[in-house]
Amino acid sequence: MNIAKTPQTIRTSGLGSCVGVVLYDASKKIAGMVHVMLPDSQLGKSSTLNAAKFADTGIYAMMEMLKLQGVRPFSIKAKIAGGAQMFQFGSNDTIRIGPRNVEAVKAELKRLSIPIVAEDTGGSSGRTIEFDPETSILHVRTVNAGTQEM
């Protein structure tokens, strides 16, 4: 989880079942990104909670970081990518981490009244994403599928 201001960009790689969530204010040219690994902080096995790992705590924490930078909550928009179903065997809910992460991210964004303006989620391939606060463009590179801009 981190913040970038123009002229910086912000990037994360290794998004398999994880979801990259970009929260940004286009007018202030500032963005935050959180790499969500699990849908719910109740799934944490450690006594010390890393808020950035979970949809229910990471998105809220990122919003709070942006507010400390002067971003007004009503101006925040979201772009999301990832949440692939990396393993095709079984239908057990524990195997469905990618889809569950996407559902949890969308629920938390809805709870915080943050609109999702673009998404590239699901499928079975990993992704790398990079966001440019200057242009508000999210570059999504998908394994075996090339790069797209959102």
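The values are calculated or read from the model by the stated rules, or taken from the named source; none is laboratory data. Small disclaimer: the values here were computed from a predicted structure and weren't measured. Note: accessible area is taken over every heavy atom of the protein model, side chains too, but ligands, DNA and RNA are not part of it. Shrake-Rupley method; radii C 1.70, N 1.55, O 1.52, S 1.80 Å.
Some notes on this structure:
- Degrees separating the helix 55-68 axis from the principal Cα axis of the chain, which is the longest one: 10 degrees
- Relative to the current alpha-carbon distance between residue 144 and residue 5, full extension at 0.36 nm per residue lengthens the span by 47.0 nm.
- Most mobile listed residue (41, 27, 17) in the chain, GNM with C-alpha springs under 10 Å: 27
- Correct option for Rg and Dmax of the Cα atoms in Å [calculated from the coordinates] among (i) 14.2, 50; (ii) 24.6, 92; (iii) 14.6, 46: (iii)
- One chain, two ends: residue 116 and residue 135. Fully extended at 0.36 nm per residue, the span grows by 5.2 nm beyond their Cα-Cα distance.
- The chain: most fluctuating residue of 30, 114, 129 per GNM, C-alpha cutoff 10 Å: 114
- In the structure shown, the pairs 53/79; 28/79; 5/106; 53/106; 5/53 are assessed against 19 Å; a Cα-Cα span above that value is assigned to 5/106; 5/53.
- Per-residue 3J(HN,Hα) values for the stretch 130-136, derived from phi via the Karplus relation 6.51 cos²θ - 1.76 cosθ + 1.60 with θ = phi - 60°, read 9, 10, 10, x, 5, 9, 6 Hz in sequence order (x marks Gly and Pro).
- Accessible surface of the chain, 1.4 Å probe: 52 percent of it comes from carbon and sulfur atoms.
- Backbone geometry of the stretch 111-123 corresponds, through the Karplus equation with coefficients 6.51, -1.76 and 1.60 at θ = phi - 60°, to 3J(HN,Hα) couplings of 4, 8, 6, 9, x, 8, 9, 7, 8, 9, 10, x, x Hz, x marking Gly and Pro.
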